[in-house]
1. Can you name every residue in region 170-189 that is at pLDDT 95 or above, under 29 Å from the mean Cα position of the chain (by Cα), surrounded by fewer than 16 Cβ atoms within 10 Å (Cβ to Cβ) and not small (Gly, Ala, Ser)?
2. Of the residues Gly119, Gly202, Gly144, Gly194, which single one is in contact with a Leu (Cβ under 7 Å, 6 or more places away or on another chain), in contact (Cβ under 8 Å) with a residue 12 or more places away in the chain and closer than 19 Å to Ala81 by Cα?
3. Can you tell me which residue is modelled with the lowest pLDDT among those in region 50-107 that are loosely packed, with under 10 Cβ neighbours inside 10 Å and within 29 Å of Asp148 (Cβ to Cβ)?
4. Can you name the number of the only condition in (1) at pLDDT below 95; (2) surrounded by 14 or more Cβ atoms within 10 Å (Cβ to Cβ) that Gly131 fails?
5. Could you list, in sequence order, the residues of region 79-120 that are over 13 Å from Glu160 (Cα atoms) and hydrophobic (A, V, I, L, M, F, W, C)?
6. Would you check if there is a residue in region 152-167 being on the phi > 0 side of the Ramachandran plot, among the small types (Gly, Ala, Ser), exposed (fewer than 15 other Cβ atoms within 10 Å of the Cβ) and touching a Gly at 6+ places or on another chain (Cβ under 7 Å)?
7. Considering region 100-112 alone, what residues qualify as being touching a Phe, Trp or Tyr at 6+ places or on another chain (Cβ under 6 Å) and not in a loop (DSSP other than H, G, I, E, B)?
8. Consider region 116-128. How many of its residues are in a loop (DSSP other than H, G, I, E, B) and surrounded by 16 or more Cβ atoms within 10 Å (Cβ to Cβ)?
Amino acid sequence: MMKKIFAILLAAMLIVGMLSACGEAPAQNTETKPDAVVETTEQPAIETETTQEETPAVDDAALQDAINKLTVSLVSPTVEAGTESVTVPVKISANPGLAGAFVTVQYDEALKLTDVKAGGALGSLTFTPGGDLSANPFNLLWDGQDADTSNGDIALLTFELPKDAGEYKISLGGDPQSFYDNELKDVPVSFADGGITVTAKG
């Protein structure tokens with residue numbers, strides 16, 4: 001009887017032991033993992049190159065030549081319709097010294113050239129206008145031995161005007177080789193055209 005009781009107690013102890021072993025929670029791994037390291041790749045700085053547009057160099061010599069270039073031009077008057085005639089000066093500027101010059105004057109057919117006189121400039125040279133005032137173009141000639149450096153009016157042209165209002169063009173020209181100094185060297189020249197403006201009566 002005692003053996004039976006002992007066997008029952010032993011079996012009960014084994015069952016309790018097994019139940020205790022099964023109910024025990026597994027040990028937790030408390031080891032702290034190191035924080036993950038995020039590697040950042042440094043991007044190279046992008047250099048923005050600013051290209052400044054270059055301003056073309058100014059040729060000072062060419063600019064000065066243009067400013068100082070001998071020029072023959074017209075004074076362009078404006079008159080009211082009914083005016084019978086008007087005088088148009090032919091001018092010279094930036095004169096480096098001329099011993100000879102030749103200018104042609106071509107004008108609107110509605111105009112009539114009635115008189116030609118020498119101006120005050122180039123006074124030391126001999127002035128020879130064309131003989132026929134009806135010629136169109138009309139020629140103007142200056143000639144001498146010594147260079148004349150004067151500027152201003154070289155000729156005064158008088159035109160009879162039409163009765164109608166309008167723009168009446170006058171053009172200047174000439175052979176560049178006909179402008180020369182006292183050493184017979186060519187003098188570069190430019191021409192500036194003009195004209196006469198006749199306005200309607202107000």
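1. Pro188, the sole residue that qualifies.
2. Values: Gly119 fails: closer than 19 Å to Ala81 by Cα; Gly202 fails: in contact with a Leu (Cβ under 7 Å, 6 or more places away or on another chain); Gly144 fails: closer than 19 Å to Ala81 by Cα.
None of the other options fit; the residue is Gly194.
3. Ala62
4. All conditions pass for Gly131, except number (2).
5. The answer is Val90, Ile92, Ala94, Leu98, Ala99, Ala101, Phe102, Val103, Val105, Ala118.
6. Checked against the condition, which is being on the phi > 0 side of the Ramachandran plot, among the small types (Gly, Ala, Ser), exposed (fewer than 15 other Cβ atoms within 10 Å of the Cβ) and touching a Gly at 6+ places or on another chain (Cβ under 7 Å), region 152-167 yields at least one hit.
7. Gly100, Ala101, Val105
8. Here is the first cut: in region 116-128, the residues in a loop (DSSP other than H, G, I, E, B) are 119-125.
Remaining after also requiring surrounded by 16 or more Cβ atoms within 10 Å (Cβ to Cβ): 119, 121-122, 125.
Of the residues in that region, 4 qualify.
The values are calculated or read from the model by the stated rules, or taken from the named source; none is laboratory data. The structure presented is a predicted model; accordingly, all values stated were derived computationally and were not measured. Cβ sites come from the backbone with ideal geometry, for glycine too, and all protein chains shown count toward neighbours.
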